[in-house]
Structure formats: structure tokens, C-alpha cells
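Peer 1: After the C-alpha cells below, expect a handful of questions from me.
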Amino acid sequence: MTSQSQGIQQLLQAEKRAKDKLEEAKKRKGKRLKQAKEEATAEIDHYRLQREKEFRNKETNVMGSQGNLSAKIEEQTTEAIRNLTSSYHRNMENMMKKLLSTIYDISPEIHPNFRAEV
């Protein structure tokens, strides 16, 4: 009976060792998964930053800087307003004379399509 009891004890001890090894393996696997996830996250962040940097470079090359573009548009608008104002002042007198002469110089004529029916 003691040999049987000893055999059972050995089986229980072997089962306990196997269970401990299994738990240790699970812990190692969990650590590896966590480490792999952290590495993947770091790699994704690095890739995202790299792509954003490339995008900003291409955007700057194609569009130019926004401040420069805004200043250029403002300058063009100011120049166009200046040109229109000077053109208005140059031609206002002549246009008023032409308009008034057209209004004052009326020559009454009978229209060619008018038929006098009596």
C-alpha cells in the first residue's frame, strides 16, 4: 500500500510540476504577445509620422506656403483696385460729356417702319 501511496504521490507531484510549467509557459506567451503589440504600435506610429512628414513636404512643394499665397492674393487684389480707381478717374469726365451730349442732342425723326394711315 505504501508503494501505491508513493506512486500516487509521485503522480500528484508530476501533475503539479506539469501544471506549474504550463502556467509559466502561459506567462511567457502573454509577455511575448504584449511585447509584440508594443513593438507593432511603435512601428505604426513611426510609419504614420514618416508619411505625414512626406505629405507636408509634397503639400508645401505643390501649394507653397499659405502665408505667401495669402500675401500674393492680397497684393493682386490691391493692385486691381488701384487700376480700376485710376481708370475711373481718367475716364469719368469723358463719359459724362458723351452721356450728356447723347441726352441733349435729340434729333426727332420718323422711324422707317412707321406708316401713316389716314
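The values are calculated or read from the model by the stated rules, or taken from the named source; none is laboratory data. Just so it is clear, the model here is predicted, and its values are computed rather than measured. Glycine also receives a Cβ, built like all others from the backbone with ideal geometry; neighbour counts cover every protein chain displayed. For the accessible areas, the whole protein counts, side chains as well, though only heavy atoms, and no ligand, DNA or RNA atoms are used. Shrake-Rupley method; radii C 1.70, N 1.55, O 1.52, S 1.80 Å.
Peer 1: Any idea how many residues of region 54-67 are among the polar types (S, T, N, Q), surrounded by 10 or more Cβ atoms within 10 Å (Cβ to Cβ) and modelled with pLDDT under 85?
Peer 2: The number of residues fulfilling the criteria is 3.
Peer 1: Within region 76-106, track down each residue that is over 53 Å from the mean Cα position of the chain (by Cα) and open to solvent by 80 Å² or more (accessible area, probe 1.4 Å).
Peer 2: Looking only at region 76-106, we keep the residues that are over 53 Å from the mean Cα position of the chain (by Cα), and these are 97-106.
If the condition is that a residue be over 53 Å from the mean Cα position of the chain (by Cα) and open to solvent by 80 Å² or more (accessible area, probe 1.4 Å), then Lys97, Lys98, Leu99, Thr102, Ile103, Tyr104, Asp105, Ile106 are the ones that fit.
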